[in-house]
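**Student:** One structure coming up, written as structure tokens, with questions to follow.
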Amino acid sequence: MSTDIKKIGVIGAGQMGNGITHVCALAEHDVYLLDISEDNLAAGMKTIAKNLGRAVKKNKLSQADMDACLARISTGTSYDGFKDCDLVIEAATENEELKKVIIREICKVVPEHTIIASNTSSISITRLGAQTDRPGKFVGMHFMNPVPLMELVELIRGIATNEETYTAIRELTEQLGKISVNAEDFPAFIVNRILLPMINEAVYTLYEGVGSVQAIDTSMKLGTHHPMGPLELADFIGLDTCLAVMNVLHEGLADTKYRPCPLLVKYVEAGWLGRKTGRGFYDYSGDEPVPTR
């Protein structure tokens, strides 16, 4: 059960991986965070410290608890750090072939009892689990972004995931202070199956000239009380991730309603991926974001 999960490994120090590391360490788990570069690890740890510091300033966390949380995290570029982990969560880029390579590497070093989870937002858990030597101990654990603030975790069983694994991860999710929902192993699960086609439709609305970037985002914020407009949200998620999920939906469900908008494809081809590159549907180089169309 989740009480047996003491040390947790996390792969990827990007926005999802550092958020997962943050919540696991805050829940008093030792965490080993792995990335391919020391620079990425340093950036990830800086983000964790900044987010914890923000909680201290708001009196939601004591300085002592922040220091203890950071002390529970170790980092490295070697898979050997996973040798004593009870759970390893893969949070690499949304690329199936890359995830398969990473999952095979994890299996080479972790003990027999270790559960492996993927934070994939769209890819088949059954297919990823088939790459392991333990498909019964493989599960989908899809956190929402930003992880420290968002309450939900989608839990996804592959066809081979055993009940003991699923129960342990559900209990761990509760212990992390999150709420879990069960999602079946269909492309993009629940949240992204609904959210990403909405974002894609917003891009089509822009592409067809129905409204400008500003008009579309203002309409959805004021007309439906969404906290962010869909194009602003796309920039926050990353347009490459949005396109990857739409491709998984389009290929996996073979329905033309999931066809990625050509304008979304063009932005990704241009390297305009949103906030992380400084330019997407908005330009982030100045004090205020400015629409690019």
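**Student:** Quick one: Tyr79, Tyr267, fewest Cβ neighbours within 10 Å first, how do they rank?
**Tutor:** Placing the least packed residue first, the sequence is Tyr79, Tyr267.
**Student:** FRET efficiency for Ala270 and Ala42, Cβ-Cβ distance as r, R0 = 35 Å, nearest 0.05?
**Tutor:** In this case the efficiency is close to 0.75.
**Student:** What nm value, rounded to one decimal, do you get for the distance between Ala71 and Ala130 when each label is placed 7 Å out toward the C-beta?
**Tutor:** Reported label-point gap for Ala71 and Ala130 is 4.7 nm.
**Student:** Something else: Taking amide H positions as placed 1.01 Å from N in the peptide plane, with prolines and chain starts having none, which residues 5 or more places from Asp30, or on another chain, fall under 5 Å of its amide H?
**Tutor:** The list, which skips near neighbours in sequence, is Ile8.
**Student:** Lysine pairs in the range 73-206 with Cα distance under 22 Å, only those 8 or more apart or on different chains: how many are there?
**Tutor:** For the range 73-206, the number of qualifying lysine pairs is 10.
**Student:** From the backbone phi of the range 140-149, what are the Karplus-calculated ³J(HN,Hα) couplings (6.51 cos²θ - 1.76 cosθ + 1.60, θ = phi - 60°) in whole Hz, Gly and Pro given as x?
**Tutor:** x, 9, 8, 6, 9, 9, x, 4, x, 9
**Student:** Follow-up question, since we're still on this one. Give me the one-decimal nm value for the distance between modelled label points at Phe236 and Glu163, 7 Å along each residue's Cα-to-Cβ direction.
**Tutor:** 3.9 nm
**Student:** Which distance in nm do the two modelled labels at Val56 and Leu152 give, with both placed 7 Å along the Cα-to-Cβ direction?
**Tutor:** Each label point is offset 7 Å from its Cα along the Cβ direction, giving 3.3 nm.
**Student:** Here's a follow-up. Could you run the Karplus curve 6.51 cos²θ - 1.76 cosθ + 1.60 with θ = phi - 60° over the range 192-207 and give me ³J(HN,Hα) per residue in whole Hz, x for Gly and Pro?
**Tutor:** 6, 4, 8, 5, 5, x, 5, 4, 4, 5, 5, 5, 4, 4, 5, 4
**Student:** Placing one identical point scatterer on every Cα of the range 192-285 and ignoring solvent, what is log10 I(q)/I(0) from the Debye formula at q = 0.14 Å⁻¹?
**Tutor:** Rounded to two decimals, the profile gives -0.45.
**Student:** Report, in debye and to the nearest 20, how large the dipole of the range 1-55 comes out about its Cα centre when Lys and Arg carry +1 and Asp and Glu carry -1 on their Cβ.
**Tutor:** 220 debye
**Student:** What ³J(HN,Hα) values, in whole Hz, does the Karplus curve 6.51 cos²θ - 1.76 cosθ + 1.60 give for the range 150-159 when θ = phi - 60°, with x put for Gly and Pro?
**Tutor:** Those phi angles translate into 7, 7, 8, 10, 7, 9, 10, 7, x, 4 Hz.
Values in this text are rule-based calculations from the coordinates and carry no lab data. All values derive from a computational prediction rather than experimental measurement. FYI the Cβ positions are ideal-geometry reconstructions off the backbone, even for glycines, and counts take in every protein chain you see.
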